[in-house]
Amino acid sequence: MPAILIDGNAIARSERVLLKQRAGALVARGVTPGLAVILVGEDPASQIYVRNKARACAELGLRSEVLTLPATTTQQTLLEQIARLNADHATHGILVQLPLPKHIDAAAVVEAIAAEKDVDGFGLHNLGALVAGRALFPPCTPFGVMRMLEHHSIALAGKDAVVVGRSNIVGKPMALMLLAKDATVSICTSKTTNLAQHTLLADVLVVAAGKPKLVSAAMVKPGAVVIDVGTNRGADGRLVGDVDFEAVREVAGYISPVPGGVGPMTITMLLANTIEAAQRAAAR
């Protein structure tokens with residue numbers, strides 16, 4: 001029997017109904033949640049992501065500011081723009097679209113964003129809070145994965161969870177969030193020797209390695225929950241994940257597709273973090 005589809009588009013729509021209500025309550029109090037997105041350069045994929053974020057803000061009644069800077073922008077100029085937004089009381093969340101041009105130190109830029117406006121959750125303050133179990137703004141992609149699991153009432157306590165990928169954006173925070181729910185967590189990489197030996201033990205398998213169709217059906221435990229975070233371009237230009245979807249869906253109990261899985265949830269959780277930032281600012 002094919003796996004149950006974890007439909008990120010449908011879950012995102014249901015989440016956004018609730019988020020729109022929260023945003024509306026703030027607007028009624030005179031506080032419009034505001035998100036500023038900075039795009040440096042003309043990367044086509046980044047331009048699409050930024051447009052989607054601005055569209056999502058409009059859908060929920062949030063104020064969005066998109067600041068587009070040329071690829072030749074200096075690091076100092078970018079830091080000055082972040083400082084301006086840090087001081088702007090109408091801006092509750094700041095996001096710098098990655099990747100940045102090579103002459104800019106991305107880590108320094110992320111750290112320049114005020115912790116209370118770091119709605120991407122990439123800064124050291126937010127990541128450190130996550131390690132301590134007191135997340136301020138959970139990184140949006142793993143946050144979205146957790147919402148997907150919650151939506152399907154998938155129990156995590158005592159389960160074996162394997163995360164393939166160790167990035168600061170997905171892999172590491174994903175492992176911490178699963179650990180916080182009392183799962184037994186292992187982290188692997190695309191270079192792990194005999195990767196299947198680890199993935200076959202997983203009740204919950206999250207794959208975020210950036211290698212198309214890395215995980216085959218033979219590497220998945222029957223009935224496992226499989227979340228595919230990968231976004232790769234196939235030879236035909238179509239998006240494909242890190243999981244061989246058609247084969248694995250015949251083995252897994254639950255599976256998320258690419259596209260239409262984690263992607264819509266990432267933007268939705270960015271909106272959730274922005275609204276949370278606005279609520280905290282209003283409380284102060």
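The values are calculated or read from the model by the stated rules, or taken from the named source; none is laboratory data. Quick caveat, the model's predicted, so the values are computed rather than measured. Cβ sites come from the backbone with ideal geometry, for glycine too, and all protein chains shown count toward neighbours.
Here is how the numbers come out for the structure above:
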| item | result |
| --- | --- |
| Members of the stretch 50-71 that are free of Cβ contacts under 8 Å to residues at least 60 places away in the same chain and not aliphatic (A, V, I, L, M) | Arg51, Arg55, Glu59, Gly61, Arg63, Ser64, Glu65, Thr68, Pro70 |
| Residue satisfying condition, being assigned by TED's automatic domain parsing to the domain that holds Cys188 and over 25 Å from Leu179 (Cα atoms), within set Asp203, Asp236 | Asp236 |
| Tally, over the stretch 91-105, of residues that are assigned to a loop (DSSP other than H, G, I, E, B) and either without any contact (Cβ under 8 Å) to a residue 24 or more places away in the chain or not polar (S, T, N, Q) (or both) | 9 |
| Set Gly133, Gly128, Gly158, Gly144: member being small (Gly, Ala, Ser), modelled with pLDDT of 95 or more and surrounded by fewer than 18 Cβ atoms within 10 Å (Cβ to Cβ) | Gly158 |
| Selected residue (only one of Asp120, Asp88 is in a loop (DSSP other than H, G, I, E, B), closer than 28 Å to Val262 by Cβ and not polar (S, T, N, Q)) | Asp120 |
| Scan of the stretch 68-98 for residues that are surrounded by 15 or more Cβ atoms within 10 Å (Cβ to Cβ), aliphatic (A, V, I, L, M) and more than 20 Å from Ala115 (Cα to Cα), ordered by number | Leu69 |
| Some residue of the stretch 11-28 being under 21 Å from Ala281 (Cα atoms) and not in a helix (DSSP H, G or I) | no |
| Of all residues making up the stretch 227-266, the number that are among the hydrophobic types (A, V, I, L, M, F, W, C), touching a Lys or Arg at 6+ places or on another chain (Cβ under 8 Å) and surrounded by fewer than 19 Cβ atoms within 10 Å (Cβ to Cβ) | 1 |
| Conditions (1) surrounded by fewer than 17 Cβ atoms within 10 Å (Cβ to Cβ); (2) within 30 Å of Ala252 (Cβ to Cβ); (3) touching a Lys or Arg at 6+ places or on another chain (Cβ under 9 Å); (4) not small (Gly, Ala, Ser): number failed by Thr32 | (2) |
| Given (1) surrounded by 15 or more Cβ atoms within 10 Å (Cβ to Cβ); (2) part of a helix (DSSP H, G or I); (3) more than 19 Å from the chain's Cα centre (by Cα), index of the condition Ala56 fails | (3) |
| Any helices (runs of 4 or more DSSP H) falling wholly within the stretch 134-241 and containing at least 2 residues that are over 16 Å from the mean Cα position of the chain (by Cα) and not hydroxyl-bearing (Ser, Thr, Tyr) | 171-180, 195-199 |
| Breaking point among (1) outside any loop (DSSP other than H, G, I, E, B); (2) crowded, with 18+ Cβ neighbours inside 10 Å; (3) at pLDDT 95 or above, for Ala108 | (2) |
| Qualifying position, being closer than 21 Å to Met265 by Cβ, surrounded by 15 or more Cβ atoms within 10 Å (Cβ to Cβ) and not assigned by TED's automatic domain parsing to the domain that holds Val145, among Ser64, Ser14 | Ser64 |
